[in-house]
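To start, the structure itself, in structure tokens.
Please treat every number below as a calculation from the coordinates, not as lab data. Remember, it's a predicted structure, so these values are computed and weren't measured experimentally. Positions of Cβ are backbone-derived with ideal geometry, glycine not excepted, and every protein chain shown enters the neighbour counts.
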Ligand code: KG4
Ligand code: ZN
């Protein structure tokens with residue numbers, strides 16, 4: 001099956017071609033330069049950039065895979081969650097191709113794409129715990145089978161990636177902040193500043209493995225207000241902040257693995273590109289007897305290959321979505 005997949009939920013315009021479930025091309029056009037000076041994604045600018053980039057990105061993906069529109073057997077596109085103006089661009093482009101060519105079409109949940117992204121590189125058997133850490137989401141799932149995901153915890157406030165982006169803004173490092181902080185932290189001391197780690201109690205209103213990242217962001221802001229943030233201090237602030245985020249993510253996730261007696265953990269989403277998180281998850285996980293699997297960097301951040309993988313499974317099962325399918329900013333998973 002030759003499948004075209006499109007992803008435009010936030011600030012990356014992406015298209016991929018999968019042939020029999022194998023990635024033949026995976027093109028991502030980043031808007032980092034567009035949003036850099038604002039310290040965050042500006043939704044209107046994101047939509048406009050997607051409009052400009054979508055057709056050339058799809059053409060590049062088809063060319064790189066040496067697959068023509070005539071040869072396609074199906075089309076998949078992200079239909080949520082995300083910025084609605086951004087989602088609509090990729091979704092409408094994909095639906096238009098499906099309509100004109102009379103091809104089967106499926107809309108894909110972006111979060112499911114992240115949860116399965118690791119399967120692009122190796123078969124990871126279910127069940128597994130899946131920690132999804134991105135700019136918009138921080139959630140812990142139990143992935144029981146394809147299409148069956150149980151939510152174990154979510155962030156009660158900021159997403160982990162959002163905290164990276166906001167701290168980068170506080171330090172004047174621009175957007176997106178995760179990669180810059182990751183690089184800067186390599187020259188810093190993670191024990192230099194003891195930022196607080198939020199430990200949440202389970203209540204009737206919350207899930208047992210919820211996260212919170214607004215406190216750490218405020219703690220960094222207060223530290224910078226009181227001590228300044230002249231560039232020589234940046235590496236220590238970055239390393240200490242990053243260590244606190246990694247501690248919070250892994251403490252909760254490992255507690256869930258032990259409580260649910262699950263032996264496998266997948267980490268996905270943009271923040272899973274973080275070198276310290278990857279290093280600590282693999283090392284600490286092996287001490288606990290937990291198999292930890294993290295996608296290679298190209299599949300951690302937003303991409304259309306992961307959307308294609310979910311789309312290919314759904315099309316193969318005979319599932320179809322109507323071309324009236326709308327984008328949903330708040331689409332949930334599990
Ligand atoms: O999954 P993604 O590409 O888009 C969303 O669905 O949100 O994730 C983007 C997020 C941004 O917040 C970015 O700062 C963060 O992932 N990120 C990182 C790293 N690379 C990207 N955070 C920490 N360390 C990194 N190396
Ligand atoms: Zn994402």
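Miscellaneous remarks
- Between residue 45 and residue 291, the modelled labels are 4.4 nm apart [label points 7 Å from Cα along Cα→Cβ].
- Rounded if a/c under 1.5, otherwise prolate or oblate - region 84-231, Cα gyration tensor axes: prolate
- Label sites at residue 191 and residue 96, each approximated as a point 7 angstrom past Cα along Cα to Cβ, lie 5.8 nm apart.
- Restricting attention to the chain, close to 60% of DSSP beta bridges with both partner residues there are antiparallel.
- Principal-axis tilt of helix 234-260 within the chain, Cα atoms, nearest 10 degrees: 70 degrees
- DSSP-defined beta bridges in region 1-148 - what % are antiparallel, rounded to 5: 70 percent
- Degrees separating the helix 275-287 axis from the principal Cα axis of the chain, which is the longest one: 80 degrees
- Angle between the chain longest axis and helix 160-170 axis [Cα atoms, degrees, rounded to 10]: 60 degrees
- Relative contact order of the chain, pairs being alpha-carbon contacts under 8 Å that are 6 or more residues apart, as %: 25 percent
- GNM result for the chain, Cα springs below 10 Å: residue of 40, 318, 172 fluctuating most strongly: 318
- Centroid-to-centroid, using Cα positions, region 222-260 and region 106-136 are 25 Å apart.
- Expected 222 nm ellipticity per residue - DSSP helices of 4 or more, -39500 (n - 2.57), all of the chain, to 500: -13500 deg cm²/dmol
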